[in-house]
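Colleague: Quick one: this structure, given as structure tokens, is what I'll be asking you about.
The values are calculated or read from the model by the stated rules, or taken from the named source; none is laboratory data. Keep in mind it's a predicted model, so treat the numbers as computed, not measured. Note that each Cβ is placed from the backbone with ideal geometry, even for glycine, and that neighbours are counted across all protein chains shown.
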Amino acid sequence: MAGGVISKEKAEPNLTPLLDIVFQLITFFMLVINFASDNYDQRINLPDAGSARPVEDDSRISEDRLVLNVDSEGRLLQGEKVMGIDEAAQSIRHQADLVKLSLRSSGVKFDPATGSLPTTIILRADKETTFGAVLGIIKACQSQGFRKFALKAMIRS
Amino acid sequence: MAHKRGGIEMEGPDVPVAPMLDMAFQLLTFFVLTYRAAPVEGQFVMNLLPPQAATAMAAAAAEPSASNDLPASLRTLPVVLRGDDQGRLAQVSIADLDVSNDPKALAEELDRHFLDPDAPFDQTLIKVDPNLRYSDLMTIIDAFTDAFVRAKKEPKLSFDELRAGDGA
């Protein structure tokens, strides 16, 4: 290197590994965001409970699930639709009919008097709602043959 | 970009990586800013049977053990929850005895019923004031589940609506 001679060669940092890492991070966030928006309704404030079991650890709930979100006023939320108890009961009946139809098509007989539907009702009720409102939804489910329930709560750390 | 291979200088395609990196960082910023961690939700799984026959059907669902062939009504611990005007938990009665709703006192009382080998209880029927807030009911469910787990029993809970005259 001679004094007074300026090298005109540009520095060329290798950006490929950086790009690799950034793409991996993007992939991670895309996947996580998809999972988070699955069934969670942000309008529901769940009650706290320390002994609630984590969802993944519970083998007792069936694959077939119906998620019901109940707000602080005791209304059933289905997407943007807000339903009172009568409309909610109708919606639950419609869901039960679909389950029964699916059972019939797979050759399983369902006796409404004694049988219970294999679907697990995932009940996400707001902590400010009353037991009476939650019971109304539970009774509507029971009258259609749903027996398995999972009451959701936030796990206290 | 020049590469040397076997002593021969080869000219490769000069792909500009910087714009791609710019885009990637913009995407990354978008996802980081819109990311909301999935809440840690848990659940209490239970078989809830129609209220009219809750005790009898709970007994049918429960597998009868050889050591415990008592009727369901004797194996079921009756609990009554009453709320105040605001729907807050005001009174807890276990087996017709008023219990403090302080979590520690409640846990001790439940242990007295479930840990005692002579006590027949392996399930509970909770009669709940319809005006009681769901969060307060969950506190009680939480306490019962803990007590069942401490007693190494499978939690078996069922609910019914508290009607006028019940548990008075």
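Colleague: Condition first: more than 8 Å from every other protein chain (Cβ to nearest Cβ) and either surrounded by 22 or more Cβ atoms within 10 Å (Cβ to Cβ) or part of a helix (DSSP H, G or I) (or both). Now tell me which residues in region A:142-157 satisfy that.
Modeller: Listed by number, the list holds a single entry, A:F146.
Colleague: Hey, among the residues in region B:109-159 that are of a type in the set (G, A, S) and without any contact (Cβ under 8 Å) to a residue 12 or more places away in the chain, which one's farthest from the other protein chains (Cβ to nearest Cβ)?
Modeller: Across region B:109-159, the extreme among qualifying residues is B:A119.
Colleague: Please go through region A:118-133 and give me each residue that is surrounded by fewer than 23 Cβ atoms within 10 Å (Cβ to Cβ) and in contact with a helix residue (DSSP H, G or I) (Cβ under 6 Å, 6 or more places away or on another chain), ordered by number.
Modeller: Once the filter is applied, which keeps residues that are surrounded by fewer than 23 Cβ atoms within 10 Å (Cβ to Cβ) and in contact with a helix residue (DSSP H, G or I) (Cβ under 6 Å, 6 or more places away or on another chain), region A:118-133 yields only A:K127.
Colleague: Something else: Taking the condition within 11 Å of chain B (Cβ to nearest Cβ), touching a strand residue (DSSP E or B) at 6+ places or on another chain (Cβ under 8 Å), at pLDDT below 90 and not in a helix (DSSP H, G or I), does A:S62 pass?
Modeller: yes
Colleague: Let me ask you something else. Among the numbered conditions (1) of a type outside the set (V, I, T); (2) free of Cβ contacts under 8 Å to residues at least 24 places away in the same chain; (3) over 23 Å from B:T145 (Cα atoms), tell me where A:K139 comes up short.
Modeller: (3)
Colleague: Right, another one. Quick one: is A:E80 more than 15 Å from B:L48 (Cβ to Cβ) and within 13 Å of chain B (Cβ to nearest Cβ)?
Modeller: no
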